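The values are calculated or read from the model by the stated rules, or taken from the named source; none is laboratory data. Since the structure is predicted, the reported quantities are computational estimates derived from the model, not experimental observations. So basically every Cβ, Gly included, is an ideal-geometry build from the backbone, and we count neighbours across all protein chains shown. Accessible surface is based on the protein model in full, side chains and every heavy atom, while ligands, DNA and RNA are left aside. Shrake-Rupley method; radii C 1.70, N 1.55, O 1.52, S 1.80 Å.
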Amino acid sequence: MILRTKTSQRANGQETPATQPMTANAKEVVAYLHRPEIGRWLLRQGRIPVTGNAARPGWRTYRVCLYQDYILDIARSEEQSHWLLHRLQEPEWHSVTLPSTETEIQMVQGLATRSLYAAGAVAGQVTIMAASPHRLKVVEVEPNWPARHADEYMQRARDWWEARMRKQPQTLQSLGADPEFALRKPTGEMALASDFLSINGAVGCDTTRYREELGLHQHPVAELRPAPSEDPDQLFTHIYDNLALAYQKIGDASIEWLAGGMPFQGYPIGGHIHFGGLTPTFSLRRKLDAYLALPLVLIEDVGCMSRRERYGFLGDVREKEYGFEYRTLPSWLVDPLVARGILHLAHLVATNHEKLQATPHLKLPLIKAYYQGEKEKLLPYVVQVWQEVKELPGYTLSRIHLDRYFSFLIEGQSWRTDEDLRKIWQLP
């Protein structure tokens, strides 16, 4: 089912339709979420904390109505301060004024959006319990809004959608990336990237704090920041040039470079891809999950599974002024064949996402296979995906690299995360 939007008005007076149509909840999702235990299972797969309890002493309860990542309304109730055999009365619900500067409200909003996505929905109500801003649990995701507000919410969602579509041209303008890698000493211990690289520049340090024992100036993970391009081959060249620059800056032949998901325990690394000119709608995110994240599982190592305990969940994006950053993937710098294939496939999906048909978010076994790393269950799906993308008009331009990439995936060998990137990339 598609919710038709009105035409949007450009500044020059010409009307043009929004290029990404509004979508409604799929019937499969509605059926799943009418069984709360399946909804909670879906959330657990995505590493979202859940509870079956509707009330706890001292915990606040939130009901969040939203369409994709647009918060329509938040209601909050306070529970009793101690356990009672029976409730004295139903809790009172109070509407939360939005936007809010309260940290807990902001955390609730983020968790509600992530929960709606993980449940496979695009619209609904998420119930969340909170003991503190950093101690939240999801009670339930419902695939509908309260009936008395449904018409009002639909109109507000349409208005928001049309305004959001106008912020970007909704065609791919550029492709970028900021893949990460780690450094290993001859002793096998992790070397700090900040001992060799500055924070800023085309090659630098990721500023995420992973361990409290590290000083504020100590940054363990190295990051490439290649110039974006409309051409995936040009972006690949920029990445190689950045690696060559890193080779000069680090300058220590005894230090090995490693990629993948988690080359050192507790230090996850990623291969984020940047899409310029596009809005990260739920539909587009799910196509990136379906065609980038799920197939990559076939060659991932155990470090990628460890990374998914905290990162690597499906649909992880960060909206930017230029478009958005897709953050689900581990660091694909492991092999230039994989890197080039990922970039070409990302370009192909972004330019053809409305034509693509795969919907693994509606198939529980495929969701489980992604989060549990069940490669044998994903293999037939990846073969099917390859056959589908071969029919896209842009595949011919990328055929050499995508044929090599999908063939490598289907061979089923885990990528070589323990090998030095400098040798694999044939750096000078």
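Between residue 318 and residue 237, what is 0.36 nm times their sequence separation minus the Cα-Cα distance? Round to one decimal in nm.
26.7 nm
Taking Cα atoms, how many degrees apart are the long axis of helix 232-250 and the longest axis of the chain, rounded to 10 and kept between 0 and 90?
Relative to the chain, helix 232-250 is tipped by roughly 70 degrees.
Treating the beta-carbon of each Lys and Arg as +1 and of each Asp and Glu as -1, no other charges, what is the dipole magnitude of the chain about its Cα centre, to the nearest 20 debye?
In debye, rounded to 20, the chain gives about 840.
I'd like to check one number: the per residue accessible area of the range 322-365, probe 1.4 Å, reported in Å² as a whole number.
Ligands and nucleic acids excluded, the result is 27 Å² per residue.
First compute the accessible area of the chain with a 1.4 Å probe, then give the percent of it belonging to carbon and sulfur atoms.
Using a 1.4 Å probe with all protein chains present, the chain comes out at 50 percent carbon and sulfur.
Using a/c under 1.5 as the rounded threshold, could you call the range 261-419 rounded, prolate or oblate? The axes a ≥ b ≥ c are square roots of the C-alpha gyration tensor eigenvalues, and prolate needs a/b larger than b/c, oblate otherwise.
rounded
Between 61, 322, 268, whose Cα lies farthest towards the positive end of the dipole of the chain when Lys and Arg beta carbons carry +1 and Asp and Glu beta carbons carry -1, centred on the Cα centre?
61
Test of understanding: extend the Cα→C-beta vector of residue 397 to 7 Å, then name every residue of the range 153-173 with backbone N under 16 Å from that spot.
Under cut-off, by backbone N: 171-173.
Where nothing but the Cβ of Lys and Arg (+1) and of Asp and Glu (-1) is charged, how large is the charge dipole of the range 64-204 around its Cα centre, in debye to the nearest 20?
Dipole about the Cα centre, nearest 20: 320 debye.
Please state the charge dipole magnitude for the range 280-378, taken about the Cα centre, from unit charges on C-beta atoms (+1 on K and R, -1 on D and E), reported in debye and rounded to the nearest 20.
Here the size comes out at about 200 debye.
May I ask you to list the lysines whose Cα is less than 18 Å away from that of residue 423, ignoring any residue fewer than eight positions away on the same chain?
Those lysines meeting the cut-off are 185, 249.
Can you give me the long-range amide H partners of residue 191? Hydrogens built in the peptide plane at 1.01 Å from N, cutoff under 5 Å, separation of 5 or more residues or another chain.
Amide H to amide H, under 5 Å and 5 or more residues apart or across chains, residue 191 pairs with 183, 184, 185.
Rounded to the nearest 10 degrees, what's the angle between the helix 336-352 long axis and the longest principal axis of the chain, both from Cα atoms, 0 to 90?
The angle comes out at about 40 degrees.
Accessible surface of residue 60 in the full protein assembly, 1.4 angstrom probe, to the nearest 10 Å²?
The accessible area comes out at roughly 40 Å².
Once amide H atoms are placed 1.01 Å from N in the peptide plane, what residues at a sequence separation of 5 or more from residue 67, or on another chain, have their amide H within under 5 Å of its amide H?
72
Explain nothing, just compute: Karplus ³J(HN,Hα) = 6.51 cos²θ - 1.76 cosθ + 1.60, θ = phi - 60°, for every residue of the range 139-149 in order, whole Hz, x for Gly and Pro.
Along the range 139-149, the couplings run 8, 6, 10, 10, x, 7, 9, x, 4, 5, 10 Hz.
Normalised by the number of residues in the chain, what is the relative contact order in percent for Cα pairs under 8 Å and 6+ residues apart?
Contact order relative to length: 14 percent.
Considering the dipole of the chain built from charges on the beta carbon (Lys and Arg +1, Asp and Glu -1) around the Cα centre, which of 294, 121, 177 is farthest to its positive end?
121
Of the residues 394, 315, 251, which exhibits the maximal mean-square fluctuation in a Gaussian network model of the chain defined by a 10 Å Cα contact cut-off?
Maximum fluctuation in the GNM of the chain, among the listed residues, is at 251.
Taking a probe of 1.4 Å, how large is the accessible area per residue of the range 259-305, in Å²?
In whole numbers, the range 259-305 has 16 Å² accessible per residue.
If you line up the long axis of helix 36-45 against the longest principal axis of the chain, both from Cα atoms, how many degrees apart are they, to the nearest 10?
20
Rounded to the nearest 500 deg cm²/dmol, what is the calculated helix-only ellipticity per residue at 222 nm for the chain, with -39500 (n - 2.57) per DSSP H run of length n ≥ 4?
Value at 222 nm, helices only, nearest 500: -10500 deg cm²/dmol.
Order of 122-133, 369-380 by packing, highest average Cβ count within 10 Å first?
Answer by packing, highest mean first, reads 122-133, 369-380.
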